[in-house]
Amino acid sequence: MQVLVVGAGVVGLAVARTAARAGHDVIVAEATGGIANGVSSRNSEVVHAGIYYPTDSLRARHCVRGRRLLYDFCTARGVAYNRCGKLIVATDQAELAKVETLLAQGLTNGVEGLDMIGGNAARALESELACIGALSSPESGIIDSHGYMLALWGELEDHAGSIAFETPVERLSYEAPRWRVQFGGRDAGRAEFDAVVNAAGLGAQALARTIDGYPAEKVPPLILAKGNYFAFAGRPVFSRLIYPTPVDGGLGVHVTLDLAGRMRFGPDVEWIEHESYTVDPRRADSFYQRIRSYWPGLPDGALVPDYCGIRPKLTGPGEKAADFMIAAEPAHGLPRLVNLFGIESPGLTSSLSLAEEVVGCLDI
Ligand SMILES: Cc1cc2nc3c(=O)[nH]c(=O)nc-3n(C[C@H](O)[C@H](O)[C@H](O)COP(=O)(O)OP(=O)(O)OC[C@H]3O[C@@H](n4cnc5c(N)ncnc54)[C@H](O)[C@@H]3O)c2cc1C
């Protein structure tokens, strides 16, 4: 089949690579001038183990399977990663109960190696930590996400696929047996494809609304939850990822590391109406407070505004977190069309597994 993938973020690239390896003729249309200019370059680069997500949800299944596939892919392709492990820490009895619930959920989800450890054992691993207990997750890690996306692009090209940059998709209509696609941008014009995958991230709902005959009630709301990061101006004190217990809309302001060992904190949750990528330095106040609950030694003046990313959520504040939405023909009635909505965290970790499911939907 001739397959069009819309969006060259991590999910679009993983889908395109998997479709090309399956023998399809694949083109990726990307609105901007490069890969990974959307959500995919504005995250924590954490390989999640798969602990938090409800039993049998797409997020649970694709995170656990995607993590295993991702480590194997990175090993085979020479993409840098560090399976550094993570501690989810409890600073009081109420949090300890939450962490124990997370352990049970993680075990149900099939996450390997999980273990509850006491405060002293946690401090033996990370001497600056203040906690009364922690869930240790040795499978969690960090990756060079840009290196990973470059490797996906490389495999796509090895299988004769390509990316058309500065080529926004403007309109789609199904005229049996093919999809007619209107492109704007550099090479504006029309083309026909057998199958289309909408992996447009924050643009997925807008694109779905341009599809002739697509049921309007099947386009879910897009709710934006910004996540701000602050860099740590000093020598790193942790060698593992350190997470508090989760909060409404996110996993809590945690310690993330990059592959050079630098430490940063975030992301928090800021519900916004319109896309904006500035980090308000005043948010540092709440960061100090939250981080000091598990790292009392955080010095004054050590946090520097860094970057932010926007989660493409399907539910808002106080609502139950939505699952990933993979809308294929049974969901909307149009053949060989898959819309991906709400691919927030753990979308990076899940990408290879999501790609398998999406390409499987096209073959029906
Ligand atoms: C703050 C934050 C932290 C996160 N941390 C983690 C983490 O640690 N681990 C993890 O596993 N996941 C994490 N995630 C989630 C992960 O980053 C996302 O799930 C993933 O990057 C989504 O990739 P995507 O390809 O769907 O979207 P994107 O990367 O946004 O790609 C979509 C692309 O589509 C293009 N596009 C849009 N409309 C059109 C159009 N009409 N025509 C052509 N192109 C179009 C855009 O330009 C963009 O390049 C985090 C997310 C956020 C926001």
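Once you divide the Cα radius of gyration of the stretch 155-197 by 2.2 N^0.38 Å, the number left is 1.26.
In the assembled protein chains, residue 103 presents an accessible area of approximately 30 Å² (probe radius 1.4 Å).
How big is the Cα convex hull of the stretch 10-168 in projection, averaged over all directions, in nm²?
Details: hull surface 43.4 nm².
Computed as one quarter of the Cα hull surface, the answer is 10.8 nm².
Spatially, the stretch 54-86 and the stretch 119-166 are offset by 8 Å when compared through their Cα centroids. Rolling a 1.4 Å probe over the protein heavy atoms of the stretch 2-75, with every protein chain left in place, gives an accessible area that is 47 percent carbon and sulfur.
How big, in percent, is the set of alpha carbon pairs in the stretch 319-364 lying more than 12 Å apart? Here the long-distance tail beyond 12 Å is 63 percent of all Cα pairs in the stretch 319-364.
Stokes-Einstein at 25 °C, 0.890 mPa s, Kirkwood radius from Cα pairs: D for the chain in µm² s⁻¹?
The calculation lands on 116 µm²/s.
Taking amide H as placed 1.01 Å from N in the peptide plane, residue 164 has its amide H under 5 Å from the amide H of 28, 29, 30, each at least 5 places away in sequence or on another chain.
If you take the C-alpha gyration tensor of the stretch 199-275, multiply each eigenvalue by 5 and take the square root, what semi-axes do you get, largest first, in whole Å? Can you show the working numbers first?
On the way: eigenvalues 257, 35, 22 Å².
In descending order the semi-axes read 36, 13, 11 Å.
Principal axis analysis of the Cα atoms in the stretch 83-146 yields extents of 38, 29, 18 Å, listed in decreasing size.
Provide the per residue accessible area, probe 1.4 Å, for the chain, rounded to a whole number of square angstrom.
Details: 14720 Å² over 364 residues.
Computed with neighbouring chains in place, this is 40 Å² per residue.
Per Stokes-Einstein, at 25 °C and 0.890 mPa s, what whole-number D in µm² s⁻¹ belongs to the stretch 250-364, with the Kirkwood radius over Cα pairs as the hydrodynamic radius? Walk me through the numbers before you get to the answer.
Numbers: Rh = 17.2 Å.
After rounding, the answer is 143 µm²/s.
Based on DSSP H segments of at least four residues, each scored -39500 (n - 2.57), the chain has a per-residue ellipticity at 222 nm of -8500 deg cm²/dmol. Per-residue Karplus couplings for the stretch 343-349, computed as 6.51 cos²θ - 1.76 cosθ + 1.60 with θ equal to phi - 60°, are listed in order as 8, 9, 4, x, x, 4, 4 Hz, Gly and Pro entered as x.
Looking at the chain only, what percent of DSSP beta bridges run antiparallel? Nearest 5 please.
Details: 47 of 66 bridges.
Antiparallel bridges make up about 70 percent of those DSSP assigns within the chain.
Here the Karplus relation 6.51 cos²θ - 1.76 cosθ + 1.60, evaluated at θ = phi - 60°, turns the backbone of the stretch 223-232 into coupling constants of 10, 9, 10, 6, x, 9, 10, 10, 7, 9 Hz, with x for every Gly and Pro. Of the solvent-accessible surface of the stretch 113-233, computed with a 1.4 Å probe and all protein chains present, 50% belongs to carbon and sulfur.
Taking all C-alpha pairs of the stretch 40-124, those more than 18 Å from each other amount to 52 percent.
Note on the stretch 262-308: the alpha carbon radius of gyration divided by the globular reference 2.2 N^0.38 Å gives 1.22. The amide H of residue 254, built 1.01 Å from its N in the peptide plane, has 266 as neighbours under 5 Å, considering only residues 5 or more places off or on other chains.
Which values of log₁₀ I(q)/I(0), to two decimal places, follow from the Debye formula for the stretch 1-71 at q = 0.22 Å⁻¹ with a uniform point scatterer at every Cα? Results for the stretch 1-71 at q = 0.22 Å⁻¹ read -1.04.
The values are calculated or read from the model by the stated rules, or taken from the named source; none is laboratory data. The model shown is predicted, which means the values in this text are computed figures rather than measured ones. Just the protein is used for accessible areas: all its heavy atoms, side chains included, with ligands, DNA and RNA removed. Shrake-Rupley method; radii C 1.70, N 1.55, O 1.52, S 1.80 Å.
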